[in-house]
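The values are calculated or read from the model by the stated rules, or taken from the named source; none is laboratory data. Computed from a predicted structure; not experimentally measured. Here Cβ is always computed from backbone atoms with ideal geometry, including for glycine, and neighbour counts include all displayed protein chains.
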Amino acid sequence: ELAARRKVLLENNKLLEEQRLTQRTQFDLEMMNELGYCSGIENYSRFLSGRGPGEPPPTLFDYLPADGLLVVDESHVTIPQIGGMYRGDRARKETLVEYGFRLPSALDNRPL
(Lines give C-alpha, C1' and ligand atoms only; values in the text may rest on other atoms or scores of the structure.)
Protein backbone atom coordinates (compact mmCIF):
# COMPACT_ATOMS: atom_id res chain seq x y z
CA GLU A 1 0.00 0.00 0.00
CA LEU A 2 2.85 2.38 0.80
CA ALA A 3 4.42 1.94 -2.65
CA ALA A 4 1.11 2.62 -4.41
CA ARG A 5 0.39 5.70 -2.29
CA ARG A 6 3.92 7.05 -2.79
CA LYS A 7 3.45 6.73 -6.54
CA VAL A 8 0.18 8.69 -6.43
CA LEU A 9 1.71 11.44 -4.29
CA LEU A 10 4.75 11.76 -6.54
CA GLU A 11 2.57 11.87 -9.68
CA ASN A 12 0.69 14.78 -8.09
CA ASN A 13 3.96 16.54 -7.21
CA LYS A 14 3.31 16.20 -3.47
CA LEU A 15 6.92 15.62 -2.50
CA LEU A 16 6.62 16.70 1.13
CA GLU A 17 3.60 14.45 1.69
CA GLU A 18 5.38 11.50 0.06
CA GLN A 19 8.46 11.99 2.24
CA ARG A 20 6.36 12.43 5.39
CA LEU A 21 4.30 9.29 4.70
CA THR A 22 7.37 7.19 3.91
CA GLN A 23 9.21 8.26 7.05
CA ARG A 24 6.15 7.81 9.27
CA THR A 25 5.28 4.37 7.93
CA GLN A 26 8.85 3.09 8.07
CA PHE A 27 9.24 4.40 11.62
CA ASP A 28 5.99 2.72 12.66
CA LEU A 29 7.12 -0.58 11.15
CA GLU A 30 10.46 -0.34 12.97
CA MET A 31 8.69 0.36 16.26
CA MET A 32 6.33 -2.60 15.76
CA ASN A 33 9.28 -4.88 14.99
CA GLU A 34 11.31 -3.69 17.98
CA LEU A 35 8.63 -3.07 20.62
CA GLY A 36 5.55 -4.86 19.31
CA TYR A 37 3.54 -1.65 19.04
CA CYS A 38 3.71 1.95 17.82
CA SER A 39 1.84 5.17 18.38
CA GLY A 40 -1.28 5.02 16.23
CA ILE A 41 -1.14 1.24 15.78
CA GLU A 42 -4.93 1.26 15.37
CA ASN A 43 -4.39 2.77 11.92
CA TYR A 44 -2.84 -0.53 10.84
CA SER A 45 -5.67 -2.63 12.29
CA ARG A 46 -6.85 -3.76 8.86
CA PHE A 47 -3.54 -5.50 8.28
CA LEU A 48 -3.18 -6.81 11.82
CA SER A 49 -6.64 -8.39 11.81
CA GLY A 50 -6.50 -9.66 8.22
CA ARG A 51 -9.49 -7.65 6.99
CA GLY A 52 -9.99 -6.52 3.43
CA PRO A 53 -10.33 -2.90 2.27
CA GLY A 54 -13.58 -1.34 3.50
CA GLU A 55 -14.38 -4.27 5.79
CA PRO A 56 -15.59 -3.05 9.19
CA PRO A 57 -13.37 -3.56 12.23
CA PRO A 58 -14.55 -5.77 15.09
CA THR A 59 -16.69 -4.05 17.71
CA LEU A 60 -18.03 -4.90 21.13
CA PHE A 61 -21.05 -6.50 19.44
CA ASP A 62 -18.78 -9.16 17.90
CA TYR A 63 -17.90 -10.36 21.40
CA LEU A 64 -21.41 -10.42 22.87
CA PRO A 65 -23.34 -13.69 22.84
CA ALA A 66 -26.05 -14.00 20.18
CA ASP A 67 -28.75 -13.78 22.85
CA GLY A 68 -27.03 -10.95 24.74
CA LEU A 69 -28.88 -7.84 25.82
CA LEU A 70 -27.40 -4.36 25.54
CA VAL A 71 -29.14 -1.51 27.34
CA VAL A 72 -28.37 2.00 26.10
CA ASP A 73 -29.34 4.64 28.63
CA GLU A 74 -30.20 8.07 27.26
CA SER A 75 -30.38 6.60 23.75
CA HIS A 76 -31.93 9.81 22.39
CA VAL A 77 -28.59 11.46 23.20
CA THR A 78 -26.24 8.54 22.51
CA ILE A 79 -27.42 7.49 19.04
CA PRO A 80 -26.93 10.92 17.35
CA GLN A 81 -23.48 11.15 18.96
CA ILE A 82 -22.43 7.92 17.26
CA GLY A 83 -23.15 9.43 13.83
CA GLY A 84 -21.31 12.62 14.73
CA MET A 85 -18.37 10.65 16.08
CA TYR A 86 -18.12 8.71 12.81
CA ARG A 87 -18.25 11.84 10.62
CA GLY A 88 -15.73 13.71 12.77
CA ASP A 89 -13.31 10.78 12.82
CA ARG A 90 -13.70 10.29 9.06
CA ALA A 91 -12.98 13.96 8.29
CA ARG A 92 -9.90 13.94 10.53
CA LYS A 93 -8.51 10.78 8.94
CA GLU A 94 -9.18 12.02 5.40
CA THR A 95 -7.06 15.07 6.23
CA LEU A 96 -4.28 12.87 7.65
CA VAL A 97 -4.28 10.74 4.49
CA GLU A 98 -4.42 13.75 2.16
CA TYR A 99 -1.39 15.40 3.75
CA GLY A 100 0.72 12.25 4.02
CA PHE A 101 0.44 11.55 7.72
CA ARG A 102 -1.30 8.19 7.26
CA LEU A 103 -1.87 5.49 4.66
CA PRO A 104 -5.37 5.27 3.13
CA SER A 105 -5.99 2.04 5.07
CA ALA A 106 -6.26 4.21 8.20
CA LEU A 107 -9.76 5.10 6.97
CA ASP A 108 -10.85 1.50 7.60
CA ASN A 109 -10.32 1.88 11.35
CA ARG A 110 -13.43 3.70 12.47
CA PRO A 111 -15.78 3.95 15.43
CA LEU A 112 -18.79 1.65 15.12
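Within the range 1-18, being of a type outside the set (A, V, I, L, M, F, W, C), loosely packed, with under 14 Cβ neighbours inside 10 Å and more than 18 Å from the chain's Cα centre (by Cα) holds for 7, 11, 12, 13.
Please indicate, with yes or no, whether at least one residue in the range 87-109 is assigned to a loop (DSSP other than H, G, I, E, B), in contact with a helix residue (DSSP H, G or I) (Cβ under 7 Å, 6 or more places away or on another chain), modelled with pLDDT under 90 and surrounded by 10 or more Cβ atoms within 10 Å (Cβ to Cβ). Yes: one or more hits. Going residue by residue through the range 24-34, is there one that turns out to be in contact with a helix residue (DSSP H, G or I) (Cβ under 9 Å, 6 or more places away or on another chain), within 15 Å of residue 107 (Cα to Cα) and free of Cβ contacts under 8 Å to residues at least 60 places away in the same chain? Checked the range 24-34: no residue is in contact with a helix residue (DSSP H, G or I) (Cβ under 9 Å, 6 or more places away or on another chain), within 15 Å of residue 107 (Cα to Cα) and free of Cβ contacts under 8 Å to residues at least 60 places away in the same chain. A count restricted to the range 1-43 and to residues that are outside any helix (DSSP H, G or I) and among the hydroxyl-bearing types (Ser, Thr, Tyr) stands at 2. Taking the listed residues 24, 46, the one that is closer than 19 Å to residue 93 by Cβ and more than 14 Å from the chain's Cα centre (by Cα) is 24, with no other qualifying. The residue that is nearest to residue 104 (Cα to Cα), counting only those in the range 52-70 that are in a helix (DSSP H, G or I) and of a type outside the set (A, V, I, L, M, F, W, C), is 62. Checked across the range 73-83, the condition of being touching a residue at least 12 places away in the same chain (Cβ under 8 Å) and closer than 23 Å to residue 101 by Cβ holds for no residue.
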